[in-house]
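Single-structure report; data block below.
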2 protein chains.
Amino acid sequence: MSYSTRQREVILNVLRQAGRPLTPQDIRQQASQDSAGIGLATVYRALKTFIAEEVIVPVEIPGASPCYEPADRGHHHHFICQQCQRVFDLTGCVHGLEALAPQDFCVQRHEIVLYGVCACCTEGRGSEVEASTDQDLHSLHK
Amino acid sequence: MSYSTRQREVILNVLRQAGRPLTPQDIRQQASQDSAGIGLATVYRALKTFIAEEVIVPVEIPGASPCYEPADRGHHHHFICQQCQRVFDLTGCVHGLEALAPQDFCVQRHEIVLYGVCACCTEGRGSEVEASTDQDLHSLHK
DNA sequence: ATATCAAATAAGAATCATTCTCAAATAAAA
DNA sequence: TTTTATTTGAGAATGATTCTTATTTGATAT
């Protein structure tokens, strides 16, 4: 049903090696290094296919363009830096969310998004990081 | 600084009379009844102004286009029924959200969205409600 | 009431992300 | 290797949002 092409392998690798959710543009830029001239449409098509196959999941952040990450990272939430616009993975969750809904409402899942300024941007070196796209929360935070 | 025009009054009225967050298109459509030929750009400009004046707030739901509601409803979150797609206002919040981010990240605000099935749809009468668009949580839940 | 000036308007052009189209290239199957 | 279905790249098409510009309108001071 679905062919395995060089472009798709590259796209999946890019997503797996990034420590944070990536936008289609991020992906295209990264993938260009391994597969020159890859088209944006190809990225979008591959993303759609991978989502259907449940290999990746979309991360839809209000106020930012949608990005994507591998589906095997388990339950977690996200932080978006208001300055560099990058999205970071968070670990952990909170309890008591179901209590916000009336008793006769059935809560199936939830999303939490934190907005603020990441460590890089707080330190006033946000611009120098802007070019980098594959740093994850942990490498930034250690 | 900011003029009060007929178009803006109409737009604000539409938002206040709706019991749920509206999209710019919703607003334009509603406002057309009171102010024929109102432009979409005008709606967007008015929304931007109202947001700057903190008269309304954007409601950014992951996976849905952004919508807007009056700001005087206080801090609250939203519930989306997976069946009828309506957005409900929730009351209350949870603590400990800042703890999800690393210490050197500055958390400024947050969004919580619960997904599930509302009381109406649980009772198997979701379809009959689908047409209604201006019911809020309280009228449904009382 | 009128003149003045700043702000807002409508319409359409511009922009940006995403999807679509189609001929050419490529992967899998025969 | 030949056949057939799928994927690709390039650019056109779409849809949402923002911008531009000439014109209109609201507020303010006569």
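The values are calculated or read from the model by the stated rules, or taken from the named source; none is laboratory data. Bear in mind the structure is a predicted one, so any value in this text is a computation, not a measurement. As a convention, Cβ positions derive from the backbone with ideal geometry for all residues, glycine included, and neighbour counts pool all protein chains shown.
Pick out the one residue from A:Phe50, A:Phe105 that is at the interface with chain B (Cβ under 8 Å from one of its Cβ atoms) and at pLDDT 90 or above.
One residue alone meets the criteria, A:Phe105.
Between B:Gln33, B:Gln29, B:Gln17, B:Gln82, which is assigned by TED's automatic domain parsing to the domain that holds B:His110 and not small (Gly, Ala, Ser)?
B:Gln82
Do we have A:Arg16 as under 14 Å from the mean Cα position of the chain (by Cα), away from DNA strand C (no atom under 14 Å from the Cβ), within 14 Å of chain B (Cβ to nearest Cβ) and among the basic types (Lys, Arg) here?
Considered against the rule, which asks whether it is under 14 Å from the mean Cα position of the chain (by Cα), away from DNA strand C (no atom under 14 Å from the Cβ), within 14 Å of chain B (Cβ to nearest Cβ) and among the basic types (Lys, Arg), A:Arg16 comes out as no.
Checking the structure you have, find out if any residue of the range A:110-121 is loosely packed, with under 15 Cβ neighbours inside 10 Å, within 8 Å of another protein chain (Cβ to nearest Cβ) and either at pLDDT 90 or above or out of contact with any helix residue (DSSP H, G or I) (no Cβ under 7 Å at 6 or more places or on another chain) (or both).
First, pick out the residues of the range A:110-121 that are loosely packed, with under 15 Cβ neighbours inside 10 Å: none.
So far as the range A:110-121 goes, no, none of its residues is loosely packed, with under 15 Cβ neighbours inside 10 Å, within 8 Å of another protein chain (Cβ to nearest Cβ) and either at pLDDT 90 or above or out of contact with any helix residue (DSSP H, G or I) (no Cβ under 7 Å at 6 or more places or on another chain) (or both).
Looking at the range A:43-57, can you tell me whether even one residue there is touching a helix residue (DSSP H, G or I) at 6+ places or on another chain (Cβ under 8 Å), away from DNA strand C (no atom under 14 Å from the Cβ) and touching a residue at least 60 places away in the same chain (Cβ under 8 Å)?
Checking the range A:43-57: not a single residue is touching a helix residue (DSSP H, G or I) at 6+ places or on another chain (Cβ under 8 Å), away from DNA strand C (no atom under 14 Å from the Cβ) and touching a residue at least 60 places away in the same chain (Cβ under 8 Å).
Could you look through the range A:103-120, keep only residues that are out of contact with any His (no Cβ under 9 Å at 6 or more places or on another chain) and of a type in the set (Val, Ile, Thr), and pick out the one that is nearest to A:Gln82 (Cα to Cα)?
Filtering first and then ranking leaves A:Val117.
Quick one: would you say B:Leu140 is under 18 Å from the mean Cα position of the chain (by Cα), at pLDDT below 85 and either within 12 Å of chain A (Cβ to nearest Cβ) or under 18 Å from B:His76 (Cβ atoms) (or both)?
Spelling it out, B:Leu140 is indeed under 18 Å from the mean Cα position of the chain (by Cα), at pLDDT below 85 and either within 12 Å of chain A (Cβ to nearest Cβ) or under 18 Å from B:His76 (Cβ atoms) (or both).
Hey, can you tell me all the residues within the range A:29-42 that are within 25 Å of A:His76 (Cβ to Cβ) and either exposed (fewer than 13 other Cβ atoms within 10 Å of the Cβ) or within 14 Å of DNA strand C (Cβ to nearest atom) (or both)?
A:Gln29
Within the range A:83-98, take every residue that is within 7 Å of chain B (Cβ to nearest Cβ) and not hydrophobic (A, V, I, L, M, F, W, C) and give me the one that is nearest to A:Val113 (Cα to Cα).
Only one residue tops the list, namely A:Gly92.
Could you run through the range A:1-37 and say how many residues are free of Cβ contacts under 8 Å to residues at least 60 places away in the same chain, more than 12 Å from DNA strand D (Cβ to nearest atom) and not aliphatic (A, V, I, L, M)?
Looking only at that region, the number is 6.
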